[in-house]
Amino acid sequence: MNPTTHMNVPIGRTSLLESEIQSIIEPLRSGWLVQGPKVREFEDKWSAFTGSKHSIAVTSCTAGLHLSLAAMGIQPDDEVIVPAFTWIATANVVEHLGAKVVFCDIDLETFNLDVQQLGSLITTKTKAILPVHLFGLAADMESINALAKQRQLWVVEDAACGFGSRYRGQHVGTLGHTGVFSFHPRKSITTGEGGMITTQDDELATKLRRLRDHGAAMSDLQRHFGPRPYLLADHPDAGYNQRMTDFQAALGSAQMNRASDILLKRQHLAQVYDEAFAELAWLRTPVHRSSYEHAYQSYSCLFQPESVNPDAVSRINKRRNIWMDALQKLGISTRPATHAVHMLTFYREKYKLSPQDFPNAYAANDCSISLPLFHGMTVEEQDYVIKQVLESAI
Ligand SMILES: Cc1ncc(COP(=O)(O)O)c(C=O)c1O
């Protein structure tokens, strides 16, 4: 490479095999476009991979989180506990039901819910906890479930980034009352937009299947292949339309044929980064915890040229942004790992919050950085990122 040119390495890149792209043609030709046989096939593969009893495909993870809370009967005046550092959708679904978001700070080591603080946030109005398995690392589900059981709360796992992530050998999404995955293109398996709800609870599964389909007691597929296809279903609920299309499901289903390879590739890339950056005191790479299998939806680090504490955050933030600028000029895309939701205008104003109310979420917001990691990443691309990071003037 001559010195004036450089590579361009995106933060993520969708990599679909030609056979996966071709897989969408069959449902388009079949005439069955919405929630038909391909949706069922994708759900079955998802259940087999995660070990979930039920898998229910929907239009996005956000829709699945919303449907979960709706199925649990969350309503105005209820409180739902949400980590302060997560994608905004985790909190928005609580707002969509008119309930109150109660933020909980995170553990800066894992970027996940700080279970030490959880108990003190529970009131008589609390109805649910919404832990997030951020970036592919499971939240401390044993502590969360123990508290939820004791206080009779629902647990909805936000497993948007959770494909392949295991906690004590069990796939995330099978640990709470429901779990919800995302198939947005930044995720390991993609259908463009899309989501999957998992649950072990038969009653919730029935309710969720209805709610995604206008509240219908029977899906179109069941009706068409049932004894009396000419009669319409009853609607026991005023449901929503959150059905996945069959061509999206075909794309998801085709990728599930190499689900283990996708996961292994991402874990391998993360291991190469871990080893390359092991000596960098200023960059804390994702933590390893025994009994947790990290699935690396993203490779999210903490930039720590000095100790990260509330007084240093704004200083470190300036330096992080200068570093991000420098990497961008070299063609390497990076991102803050995600955002602190309590610092975003809607939540800051509605709940009158300041950054320091959740100091670890604030620090993560300002000092985190995700480096490019995607399962189609080439050795050359990763070597280039490693070289530029190691040569950075921090
Ligand atoms: C933690 C988390 N929750 C929820 C979502 C929303 O997922 P979707 O875009 O599928 O609605 C995302 C998406 O990035 C996410 O990262």
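Below, the figures for the structure above:
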| quantity | calculated |
| --- | --- |
| Placed amide H near Lys100: partners under 5 Å, 5+ positions off or other chain | Asp77, Asp78, Glu79, Val80 |
| At most 13 other Cβ within 10 Å, DSSP loop - trypsin sites (Lys or Arg not before Pro), the stretch 315-392 | Lys352 |
| Cys301 long-range amide H proximity, modeled H, under 5 Å | Ile369, Ser370, Leu371 |
| Net length gained if the chain between Thr123 and Gln170 were fully extended (0.36 nm per residue, minus Cα distance) | 13.9 nm |
| Using a Förster distance of 51 Å, the FRET efficiency for Ile11-Asp77 (Cβ separation, nearest 0.05) | 0.80 |
| Solvent-accessible area, 1.4 Å probe, carbon plus sulfur percent, for the chain | 52 |
| Beta bridge orientation in the chain: antiparallel %, DSSP, nearest 5 | 60 |
| 3J(HN,Hα) from dihedral phi, the stretch 14-19, Karplus parametrisation 6.51/-1.76/1.60, rounded to Hz, x for glycine, proline | 5, 10, 10, 6, 4, 5 |
| In sequence order, calculated HN-Hα J values of the stretch 240-248 (Karplus, 6.51, -1.76, 1.60; Hz; x Gly/Pro) | 10, 10, 10, 7, 7, 7, 6, 6, 5 |
| Stretch in the chain that is longest and holds no GluC sites (Glu not before Pro) that DSSP places in a loop and that have at most 14 other beta carbons within 10 Å | 110-278 |
| Rounded if a/c under 1.5, otherwise prolate or oblate - the stretch 273-344, Cα gyration tensor axes | rounded |
| Filtered trypsin sites (Lys or Arg not before Pro), the stretch 114-209: DSSP coil and at most 16 other beta carbons within 10 Å | Lys125, Arg168 |
| Helix-only CD estimate at 222 nm, as mean residue ellipticity for the chain, using -39500 (n - 2.57) per DSSP H run (n ≥ 4) | -11000 deg cm²/dmol |
| Net charge, Gln242 excluded, C-beta distance under 10 Å - Lys, Arg +1, Asp, Glu -1 | +1 |
| Separation of the Lys318 and Phe346 label points, Cα + 7 Å toward Cβ, nm | 3.3 |
| Shape category assigned to the stretch 119-183 from the gyration tensor of Cα positions, a/c cut at 1.5 | prolate |
| Distance between the stretch 164-241 and the stretch 32-97 - C-alpha centres, whole angstrom | 8 |
| From phi via Karplus (6.51, -1.76, 1.60), per-residue ³J(HN,Hα) for the stretch 91-100 in Hz, x at Gly/Pro | 7, 4, 5, 5, 4, 4, 9, x, 8, 9 |
| DSSP-defined antiparallel bridges as percent of all bridges, the stretch 150-259, nearest 5 | 70 |
| 13 Å beta-carbon shell around Thr174, net charge (K/R +1, D/E -1) | +1 |
| For the stretch 139-262, accessible area per residue (1.4 Å probe, heavy atoms of protein chains only), Å² | 43 |
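The values are calculated or read from the model by the stated rules, or taken from the named source; none is laboratory data. Nothing here was measured: the structure is a model prediction, and the numbers come from that model. Positions of Cβ are generated from backbone atoms using ideal geometry, with glycine treated the same way; all protein chains shown enter the neighbour counts. Surface accessibility is based on the protein's heavy atoms, side chains included, excluding ligands, DNA and RNA. Shrake-Rupley method; radii C 1.70, N 1.55, O 1.52, S 1.80 Å.
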